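Novice: I am attaching a structure below and will ask some questions about it afterwards.
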Amino acid sequence: MSPVLLALDLAGTFVFALSGALVGVRNRLDVFGVLVLAGLTGLGGGMVRDVLIGAVPPATLADWRYLLVPLVAALVTFRFHPGLGRIERHINYFDALGLGLFCVTGATKALQHGLNPLAAALLGMLTGIGGGVLRDVMAGRTPLVLRQEVYAVAALAGAAVVVVAWSAGYQAPWISAAGAAVCITIRVLALRYSWEIPRALSSD
């Protein structure tokens, strides 16, 4: 893995772990529970990605830095978190940052392992949403990806930027930054203006 991709992957792991730890603190979990949520959120998507593309053992298990990052995020959050009211309104924004970073690293790594553009975009999306789904299930919440909110679509859009650029012959680091920015912008705007994905009307 290139230094840039590794840095993005670790950054995504940290901010996702932070969002998981914040959910744990908000739900009044003990320090072990906060650590578990941080680890699942930060490492879940990357592990799924690596297993699916055959990059085994997953980087999250083979590289000690992937285990250290969520540990630090959880302990820092547990020790220095602000009041519960202030925590709650920041969780989705930390999550948006992690979503943006992970969707581009997932797509890039998939392309490097020879997947076709469509599969790489889908895997980028899966990398982005995987940790958050595990976090929400463990915390007893309906996963964001199953709600009306614009979540998986944002991850797919960010991954698509990387895939399209790669197909056109562009592989510079700024491509990853652009893809992450697209994903984060869509997700933050969706939160800000309450954008929703259409759903079927009830027949009742």
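The values are calculated or read from the model by the stated rules, or taken from the named source; none is laboratory data. In this text the structure is predicted, and so the values were computed from the model without any measurement. Cβ placement follows ideal geometry from the backbone for every residue including glycine, while neighbour counts extend to all protein chains displayed.
Novice: Mind checking whether some residue in segment 49-63 is surrounded by 16 or more Cβ atoms within 10 Å (Cβ to Cβ), closer than 22 Å to Arg187 by Cα and modelled with pLDDT of 90 or more?
Specialist: yes
Novice: In addition: Residues Arg187, Arg199, Arg147, Arg141: which one is among the basic types (Lys, Arg) and surrounded by 15 or more Cβ atoms within 10 Å (Cβ to Cβ)?
Specialist: The conditions single out Arg187.
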